[in-house]
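First comes the structure, then the notes that go with it.
The values are calculated or read from the model by the stated rules, or taken from the named source; none is laboratory data. Fair warning: this is a prediction, and the values are worked out from it, not measured in the lab. Using ideal geometry, Cβ is built from the backbone for each residue, glycine included, and neighbour counts are taken over all protein chains shown.
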Amino acid sequence: MPPPIWQCRGHRFELGRGLLVMGIVNVTPDSFSDGGHFADPTTAIEHGLRLAAEGADILDIGGESTRPGAEPTPPDEELRRVVPVVAGLARRTSVAISVDTSKAEVARQCLDAGASIINDVTGLRGDPDMPGVVAASGAGVVIMHMQGTPATMQIDPHYSDVVAEVGAFFEERLHALAAAGIPPVAVCLDPGIGFGKTLDHNLTLLAHLEAFVRFGRPVCLGVSRKGFIGKLCDRPVLNRDAGSLAVACFAAARGAAQVIRTHDVGPTRDAAVLLNAIDQARH
């Protein structure tokens, strides 16, 4: 199967040319890792520009925390947080801008402000207007699997076969989005590590990520500083970057992930360069 193309409005990513690095810019007061650090738009824009300079291919702007137990953010507040940052970054960098939202109006205004990708933790199921907004814009989209909602997802998550069930979700979503006018070439898949999964579920998904190659779509892996790394390594949130990078490299080296979503862009970019160089030497 040829490497997938990911079409995101004016950005066309050819995944056979190496990993894409998606840098995280949280403009929330309560995200699990860096909540409050970049809540001011000027600070958030400068942080995004630093990540671009470190080698980010995509900047993912989030105005609503999706940490376990998080409650929804009102749309007006989310718009207040993210639109100035998206607009400011769009004026100052050519790096693709993604917006981490499940609200159609937030997506619409951010796309108007210069975003190219919508990263929706509900897989475009949380707002009935979201598929239409994405389809009309020609934006790329990341559809993530989540059992429950951020407020409930870690309350006794259960699967009979987590890999098969996540795969069935991707299959259903790809068909539903195509029917809504969003072609597969615009879609990236995210198995949702840590979103409605136990430690064992997370490890099983990581061990079998290759199962999702069959869809012919890029896989986005978001493990940066997540709780399962802290449990296994006995590290607090801000000391989990080495573990995060190890997991990303494991997945990328097996061809099971093409997009790495991370707080730690510079080292992830270095790892991507080395992995690509080693892979090229095999051919």
Exercise for the section: Kindly list the number of the only condition in (1) farther than 23 Å from ALA87 by Cβ; (2) out of contact with any strand residue (DSSP E or B) (no Cβ under 6 Å at 6 or more places or on another chain) that fails for GLY132. Expected result: (1)
Completion exercise
VAL187 passes all but one of the listed conditions (1) within 25 Å of SER65 (Cβ to Cβ); (2) of a type in the set (A, V, I, L, M, F, W, C); (3) surrounded by fewer than 21 Cβ atoms within 10 Å (Cβ to Cβ); (4) touching a residue at least 40 places away in the same chain (Cβ under 8 Å); the exception is number (3)
Practice task
Kindly indicate the residue of region 241-273 that is within 18 Å of the chain's Cα centre (by Cα) and charged (D, E, K, R) and also nearest to ALA186 (Cα to Cα) among those meeting that condition.
Solution key: ARG261
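Yes/no per residue for (1) over 22 Å from GLY123 (Cα atoms); (2) assigned to a loop (DSSP other than H, G, I, E, B); (3) touching a His at 6+ places or on another chain (Cβ under 8 Å); (4) modelled with pLDDT of 95 or more:
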residue	(1), (2), (3), (4)
LEU174	no, no, no, yes
ILE193	no, yes, no, yes
ARG217	no, yes, no, yes
PHE228	yes, no, no, yes
LEU232	yes, no, no, yes
ALA242	yes, no, no, yes
ALA252	yes, no, no, no
ASP270	yes, no, no, yes
Exercise for the section: Tell me which residues, restricted to region 130-172, are in a loop (DSSP other than H, G, I, E, B), without any contact (Cβ under 8 Å) to a residue 60 or more places away in the chain and of a type in the set (A, V, I, L, M, F, W, C). Expected result: MET146, ILE155
Practice task
Among the numbered conditions (1) surrounded by fewer than 18 Cβ atoms within 10 Å (Cβ to Cβ); (2) touching a residue at least 60 places away in the same chain (Cβ under 8 Å), tell me where ASP200 comes up short.
Solution key: (2)
